[in-house]
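Here the structure comes first, spelled out in structure tokens, and everything after it is commentary.
The values are calculated or read from the model by the stated rules, or taken from the named source; none is laboratory data. The shown structure was predicted, so the numbers you read here are calculated from the model rather than taken from an experiment. Cβ coordinates were reconstructed from backbone atoms using ideal geometry, including for glycine residues, and neighbour counts include every protein chain displayed.
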Amino acid sequence: MTTAPPPQENAGLSSLVETIVAPASAFDRLAEKQTWGWAFIASSILAAVGALASAPVNRHLAEIILQQRIASAPTAQQASAIASAGAIGMKFSQIGWIFTPLIMLSVVLFATVILFLVGAIFGGKATFKQLWCAAMNVSVVYTLGVLVTSIVAALRGPDVVTNMFSYYRDSVTLAAAIPTANVKVLVFLAAISPFSLWQLWLNSLLMQRIARLAAPKAWAAALAVLLVPALVGAAFAPAPPAPASGAPSTSASASP
């Protein structure tokens, strides 16, 4: 009489759960067996739910910014062009949650490239596949942050949002703790949150466990993943439109 073989362990699901509760074990597992399917599904679902939850607030903010840009346009033709482009953008934003899987793939690819390049500079031993799988599992923490931020925004409701600054006033980011009238500084601060710091620690740990880097070099790689997107986002953050001629100026620092 033959005995049936023991059921196969679901390594992907185990790695996903352990990334949250026992990350050292998760990264040791991922170094041996690379899996990312469950993490991709979980991250995509969390991001999609977050996008749906915050959609009314984001749409309200986009309408405010659009109306400001139309009002500040120097000519009627430019105002009409801005309005047409804005209308297309509004329609697209209503179905934007559908594209969250593609967004997650892009976010994880960007993080993986940074980890791989910095790891290569410091003599890391990890392959691109190992870092990709680890970064995908870590992305669950990122999307948890997205979901929490979206829930907070939904609970506040769209009516309290009057500009970019009031949008972040009660967020779970550093932008809520450090008042600023500079939109580029605001966008940079908005990238710093308890979840991004959690992700920072996880990226440092995975570079130590998988890439076999010393702690200082691992932290440098993790910091690059956090700071490079934050700096790029701040660099390309558009300045608030200037008030129309004769209109009263409403500075960001005066927002409630």
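Every residue, every condition in (1) over 21 Å from the mean Cα position of the chain (by Cα); (2) loosely packed, with under 15 Cβ neighbours inside 10 Å; (3) within 24 Å of residue 15 (Cβ to Cβ); (4) modelled with pLDDT of 90 or more, yes or no:
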{"position": "79", "(1), (2), (3), (4)": "yes, no, no, no"}
{"position": "87", "(1), (2), (3), (4)": "yes, yes, no, no"}
{"position": "94", "(1), (2), (3), (4)": "no, yes, no, no"}
{"position": "97", "(1), (2), (3), (4)": "no, no, no, no"}
{"position": "106", "(1), (2), (3), (4)": "no, yes, yes, yes"}
{"position": "111", "(1), (2), (3), (4)": "no, no, yes, yes"}
{"position": "119", "(1), (2), (3), (4)": "yes, no, yes, yes"}
{"position": "122", "(1), (2), (3), (4)": "yes, no, no, yes"}
{"position": "128", "(1), (2), (3), (4)": "yes, yes, yes, yes"}
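Please tell me if residue 162 is assigned to a loop (DSSP other than H, G, I, E, B), of a type outside the set (A, V, I, L, M) and over 19 Å from residue 30 (Cβ atoms). I'd like the intermediate steps shown before the answer.
Working: assigned to a loop (DSSP other than H, G, I, E, B): yes; of a type outside the set (A, V, I, L, M): yes; over 19 Å from residue 30 (Cβ atoms): yes.
Yes; evaluated as a whole, the condition is true for this residue.
Between a first residue in the range 26-50 that is basic (Lys, Arg) and a second residue that is crowded, with 17+ Cβ neighbours inside 10 Å and in a helix (DSSP H, G or I), which pairs have beta carbons less than 6 Å apart while being 6 or more apart in sequence or on different chains?
Short answer, once both residue conditions are applied: 29/15.
Of the residues that make up the range 195-211, is at least one at pLDDT below 95, in a helix (DSSP H, G or I) and over 18 Å from the mean Cα position of the chain (by Cα)? Explain how you work it out, then say what you get.
The initial filter retains those residues of the range 195-211 that are at pLDDT below 95, namely none.
No - not one qualifying residue is present in the range 195-211.
Exactly one condition in (1) buried (at least 20 other Cβ atoms within 10 Å of the Cβ); (2) at pLDDT below 95 is false for residue 115; which is it?
(2)
Which residues, counting only those in the range 165-187, are over 30 Å from residue 18 (Cα atoms) and in a helix (DSSP H, G or I)? Before the answer, list the steps.
Here is the first cut: in the range 165-187, the ones over 30 Å from residue 18 (Cα atoms) are 165-170, 175-187.
Within the range 165-187, 165, 166, 167, 168, 169, 175, 176, 183, 184, 185, 186, 187 meet the criteria.
Identify, please: which residue in the range 18-50 is over 24 Å from residue 208 (Cα atoms) and of a type in the set (Gly, Ala, Ser) and is, among those, surrounded by the most Cβ atoms within 10 Å (Cβ to Cβ)? Outline the logic, then answer.
Looking only at the range 18-50, we keep the residues that are over 24 Å from residue 208 (Cα atoms), and these are 41-42, 44-50.
Next, from what is left, pick out any that are of a type in the set (Gly, Ala, Ser): 42, 44, 47-48, 50.
On the way: 42: 20, 44: 20, 47: 25, 48: 21, 50: 23.
For the range 18-50, the residue satisfying everything is 47.
Could you give me the residue pairs with C-beta distances under 7 Å whose first residue belongs to the range 135-161 and is closer than 12 Å to residue 198 by Cα and free of Cβ contacts under 8 Å to residues at least 60 places away in the same chain, whose second residue is among the small types (Gly, Ala, Ser) and surrounded by 19 or more Cβ atoms within 10 Å (Cβ to Cβ) wherever it lies, and which are 6+ apart or on separate chains?
145/193; 145/196
Might you let me know whether the range 136-159 holds any residue that is of a type in the set (S, T, N, Q) and over 17 Å from the mean Cα position of the chain (by Cα)?
Just the residues of the range 136-159 that are of a type in the set (S, T, N, Q), to begin with: 137, 139, 143, 149-150.
The next check asks that each one be over 17 Å from the mean Cα position of the chain (by Cα); those that pass are none.
Looking through the range 136-159, none of the residues is of a type in the set (S, T, N, Q) and over 17 Å from the mean Cα position of the chain (by Cα).
Does the range 99-135 hold any residues that are over 23 Å from residue 16 (Cα atoms) and of a type in the set (Val, Ile, Thr), and which are they?
118, 121, listed by residue number.
Which of (1) modelled with pLDDT of 90 or more; (2) in a helix (DSSP H, G or I) is the odd one out, the single condition residue 192 does not satisfy?
(2)
Does residue 8 satisfy the condition of being farther than 21 Å from residue 209 by Cα, assigned to a helix (DSSP H, G or I) and modelled with pLDDT under 85? It would help to see each step written out before you state the result.
Working: farther than 21 Å from residue 209 by Cα: yes; assigned to a helix (DSSP H, G or I): no; modelled with pLDDT under 85: yes.
For residue 8, the condition - farther than 21 Å from residue 209 by Cα, assigned to a helix (DSSP H, G or I) and modelled with pLDDT under 85 - is not met.
In the range 86-123, what count of residues is obtained for those that are more than 20 Å from residue 220 (Cβ to Cβ) and not in a helix (DSSP H, G or I)?
Result for the range 86-123: 2.
Just to be sure, is residue 131 in a helix (DSSP H, G or I) and either under 25 Å from residue 56 (Cβ atoms) or of a type in the set (Asp, Glu) (or both)? So that I can check it myself, show each step before the final result.
Numbers: in a helix (DSSP H, G or I): yes; either under 25 Å from residue 56 (Cβ atoms) or of a type in the set (Asp, Glu) (or both): no.
So residue 131 does not fit the description; no.
Taking the range 61-85, which residues are among the hydrophobic types (A, V, I, L, M, F, W, C) and either in contact with a Phe, Trp or Tyr (Cβ under 8 Å, 6 or more places away or on another chain) or not in a helix (DSSP H, G or I) (or both)? Let's see the steps before the verdict.
From the range 61-85, those among the hydrophobic types (A, V, I, L, M, F, W, C) are 61-62, 64-66, 70-71, 73, 76, 79, 81-83, 85; that's our starting set.
Listed by number, the residues that qualify are 61, 73.
What is the one condition in (1) over 30 Å from residue 157 (Cβ atoms); (2) at pLDDT 95 or above that residue 14 does not satisfy?
(2)
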